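The values are calculated or read from the model by the stated rules, or taken from the named source; none is laboratory data. Just so you know, these numbers come straight off a predicted model, no measurement behind them. Here Cβ is always computed from backbone atoms with ideal geometry, including for glycine, and neighbour counts include all displayed protein chains.
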Amino acid sequence: MSKAQFGMIGLGTMGRNLVLNIADHGFPVCGYDRDTAQQQRLLAEGTGKPVSIATSLQELVNNLEKPAKIMLLVPAGKIVDAVLNDLVPLLQKGDIVIDGGNSHFTDTDRRYTGLQNSGIHFMGMGVSGGEEGARLGPSMMPGSNLQSFNEVRNILESIAAKTDEGPCVTFIGNGAAGHYTKMVHNGIEYAIMQLISEVYGVLKNVGGLTNDELQKTFADWNKTGLQSFLLEITADVFLKKDDRTNNLLVDMVLDKAMQKGTGMWTSQSAMDLNVPIPTIDAAVSMRYLSARKEERVAAAKKYPAGNINIITGKEALSNTCKNALEFGYILSYTQGLDLLQEASKAYNYNVNIAEVLRIWKGGCIIRSAMLNDLRKAYLQEPTLNNIIQSSFFVSRLNGLRKDVTDLCGSAMLAGLPVAAFAATLNYFDAYRSEQLPANLIQAQRDFFGAHTYERIDATGSFHTDWK
Ligand code: 6PG
């Protein structure tokens, strides 16, 4: 039997779908999973395609052309280390191992550094797009080094989603840059999902929109400059009937949002790097709050929200929400990209933001029409540190701000939480404030701790006995 050009370890849905995608592009692939049921599933789904299975890691390595190119799609964390421990001794210099899971960037850094002198290439690669993306074309964010990327470039470019600007894969940058970028992608994903859910809450509870109206509203917005994958699937959610009751399924889903941790990692890393990303932080915290269902139910009895006045003028409210959402989208990307740029400097990733925006245009969960404008801004000004500074966005943000205040006002009066919108508005208002009340904090710090302060009329640091 001729050897395969690519190996896959981990044949869960993502792994199997990627194997089928690679095979569809003419590259023979060999898959391995400890679970024999998964092996059989791949064989069944891969009938007629250049797909084979191995029953051990050794057999997988034996079945591959040299240098071996192997991707791991196994759960992030200890399992990746366990697989690497077993796999690496079977490999030779020049072989390439790609971790395609959502690994924490510090783990990727450790694994990359650990293998650096062995001659075995280790590449941490973010893969976005869920099951469908894996099957039909994901967006991929490989880091490590250009040489390793070039070894697998043709396969990755073949299987990636395609847009008017080419395949949605590029060499992201040094070391763990790929996984860092995927983590930021997910932070933005959390933010946008939270913003959409807050708009849903307002339209439903303040505007009194029915599920049919919500479906139509989101679908209509998706035909405008807000066009995006997350909005598209949101509209579709409102079409799905529950097969156990007569209700729509969305109304039967418990309001506890879970998470695997990538959003939290984004917030943690931003704190480490002193980068403000309050919309993402709010999105993470709101998932935690939503998960405290029992406590919320108890508190709701103690603090009833009162009667919400359903306002008339659904159209005006919808328009407000749409504009506020556009503002929220822009500033979610803004905060994520700011973080990515700062991380790139701090960790020497050398990430090209315009390129990242190009490969996010297709395949990934946060793909949206807006990425074209964001990309233009970075192409014009590659060192742009924050989108709010870009001339491309000034009039747009100025024009949309009022709608965010209106949305927050209506929601807050009705007792509805809009944490992500409020965080976004405050982020923007703080960022555009020439003068913040932080002078008082400096005075307090110097008062109680002699931490010193700077003056507006002289350089240097000063200390005063305030009593
Ligand atoms: C993607 C997604 C994916 C992520 C899920 C679930 O880009 O395809 O980001 O990688 O794992 O969206 O994430 P949470 O369970 O943390 O919501």
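Can you tell me which residues in region 359-386 are buried (at least 24 other Cβ atoms within 10 Å of the Cβ) and away from the ligand (no atom under 15 Å from the Cβ)?
Passing the criteria: only Leu374.
Just a yes or no: is a residue in region 355-373 modelled with pLDDT under 95 and within 20 Å of Gln227 (Cβ to Cβ)?
No.
Only one residue in Leu340, Leu331 is within 16 Å of the ligand (Cβ to nearest atom) and either assigned to a helix (DSSP H, G or I) or of a type in the set (Ser, Thr, Tyr) (or both). Which one?
Step by step, each of Leu340, Leu331 is checked, and only Leu340 is within 16 Å of the ligand (Cβ to nearest atom) and either assigned to a helix (DSSP H, G or I) or of a type in the set (Ser, Thr, Tyr) (or both).
Could we say that Ala282 is out of contact with any strand residue (DSSP E or B) (no Cβ under 8 Å at 6 or more places or on another chain), within 16 Å of the ligand (Cβ to nearest atom) and part of a loop (DSSP other than H, G, I, E, B) here?
In short, no.
Go through region 123-159 and give me each residue that's among the polar types (S, T, N, Q), within 16 Å of the ligand (Cβ to nearest atom) and out of contact with any Pro (no Cβ under 7 Å at 6 or more places or on another chain).
Ser139
If Gln58 satisfies all but one of (1) more than 24 Å from Phe122 (Cβ to Cβ); (2) of a type in the set (S, T, N, Q); (3) surrounded by fewer than 19 Cβ atoms within 10 Å (Cβ to Cβ), what's the number of the condition it fails?
(1)
Quick one: how many residues across region 410-441 are outside any loop (DSSP other than H, G, I, E, B), at pLDDT below 95 and surrounded by fewer than 16 Cβ atoms within 10 Å (Cβ to Cβ)?
Going through region 410-441 one residue at a time, the tally reaches 2.
Within region 107-122, identify whether any single residue is within 16 Å of the ligand (Cβ to nearest atom), of a type in the set (Ser, Thr, Tyr) and surrounded by fewer than 24 Cβ atoms within 10 Å (Cβ to Cβ), and answer yes or no.
Checked against the condition, which is being within 16 Å of the ligand (Cβ to nearest atom), of a type in the set (Ser, Thr, Tyr) and surrounded by fewer than 24 Cβ atoms within 10 Å (Cβ to Cβ), region 107-122 yields no hits at all.
What number of residues in region 94-106 are within 16 Å of the ligand (Cβ to nearest atom) and either among the charged types (D, E, K, R) or part of a helix (DSSP H, G or I) (or both)?
Residues flagged as within 16 Å of the ligand (Cβ to nearest atom) and either among the charged types (D, E, K, R) or part of a helix (DSSP H, G or I) (or both) within region 94-106 amount to 2.
Based on what the data block shows, is Asn174 within 27 Å of Ser269 (Cα to Cα), in contact with a Phe, Trp or Tyr (Cβ under 7 Å, 6 or more places away or on another chain) and either more than 15 Å from the ligand (Cβ to nearest atom) or assigned to a loop (DSSP other than H, G, I, E, B) (or both)?
yes
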